[in-house]
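Peer 1: Here it is, the structure, as structure tokens.
The values are calculated or read from the model by the stated rules, or taken from the named source; none is laboratory data. Computed from a predicted structure; not experimentally measured. Note: ideal-geometry Cβ built from the backbone for every residue, glycine included; neighbour counts use all protein chains shown.
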Ligand SMILES: [Zn+2]
Ligand SMILES: [Zn+2]
């Protein structure tokens, strides 16, 4: 049976991960299984000049490590992610593929020098996790400002959208094909 494999890279707060698993399971109507016992080493993806991790390399490492998993794979990390053309990314996914990754680093108010806000953090993490997984199910960016598939380049934009799919995206969600383009 298809499932979503949740793969923490570097420890996150266990509470936020189990809450995330529960909410993702409701959203996608799939079992979500966390695998905290893997030994995926993020070090090869680290760029010391940027002090960030190259998310595409982490996606490749995930695919190699979990090649036998038949469902989707979502890595969650507190590492700051980038792709070469952008200063940072909140996450990256294979469009209509298998793997996605989200970073919690810039979702935390404390990153911006503000007091921590656990509810806001969990909501942002859920939105970005749903968004990147949505890409793996073949969904592209949506123009509806409050749809979870709306593109967010700053954290304020994440706060403007909901964690829900709009009706059009919800309808498209179950369509799948095997293209392997990448969406961020
Ligand atoms: Zn939409
Ligand atoms: Zn996107």
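Peer 1: Scan the stretch 174-184 and give yes if some residue there is within 16 Å of ligand 1 (Cβ to nearest atom) and surrounded by 16 or more Cβ atoms within 10 Å (Cβ to Cβ), otherwise no.
Peer 2: yes
Peer 1: Right, here's the next one. List the residue pairs whose Cβ atoms are under 7 Å apart, where the first residue sits in the stretch 139-156 and is in contact (Cβ under 8 Å) with a residue 12 or more places away in the chain and over 20 Å from residue 94 (Cα atoms), the second is within 9 Å of ligand 2 (Cβ to nearest atom) and assigned to a loop (DSSP other than H, G, I, E, B), and the two are 6 or more positions apart or on different chains.
Peer 2: 144/150
Peer 1: Only one of 132, 122 is part of a helix (DSSP H, G or I), modelled with pLDDT of 95 or more and away from ligand 1 (no atom under 12 Å from the Cβ). Can you tell me which? Break it down into steps so the answer makes sense when it comes.
Peer 2: Details: 122 fails: modelled with pLDDT of 95 or more.
On inspection, the qualifying residue turns out to be 132.
Peer 1: Give the residue, chosen from 74, 139, 81, that is within 16 Å of ligand 2 (Cβ to nearest atom), over 13 Å from the mean Cα position of the chain (by Cα) and buried (at least 23 other Cβ atoms within 10 Å of the Cβ).
Peer 2: On the way: 74 fails: over 13 Å from the mean Cα position of the chain (by Cα); 81 fails: over 13 Å from the mean Cα position of the chain (by Cα).
Of 74, 139, 81, the one residue that is within 16 Å of ligand 2 (Cβ to nearest atom), over 13 Å from the mean Cα position of the chain (by Cα) and buried (at least 23 other Cβ atoms within 10 Å of the Cβ) is 139.
Peer 1: Within the stretch 142-159, is there a residue that is farther than 23 Å from residue 40 by Cα, assigned to a helix (DSSP H, G or I) and within 16 Å of ligand 1 (Cβ to nearest atom)? Steps first, answer last, please.
Peer 2: Pass one, the stretch 142-159, residues farther than 23 Å from residue 40 by Cα: 142-159.
After this cut, where a residue has to be assigned to a helix (DSSP H, G or I) as well, the list is 155-159.
From what's left, within 16 Å of ligand 1 (Cβ to nearest atom): 157-158.
Scanning the stretch 142-159, I find at least one residue that is farther than 23 Å from residue 40 by Cα, assigned to a helix (DSSP H, G or I) and within 16 Å of ligand 1 (Cβ to nearest atom), so the answer is yes.
Peer 1: Residues being at pLDDT below 90, within 13 Å of ligand 2 (Cβ to nearest atom) and more than 15 Å from the chain's Cα centre (by Cα): count how many of those fall in the stretch 153-184.
Peer 2: The number of residues fulfilling the criteria is 1.
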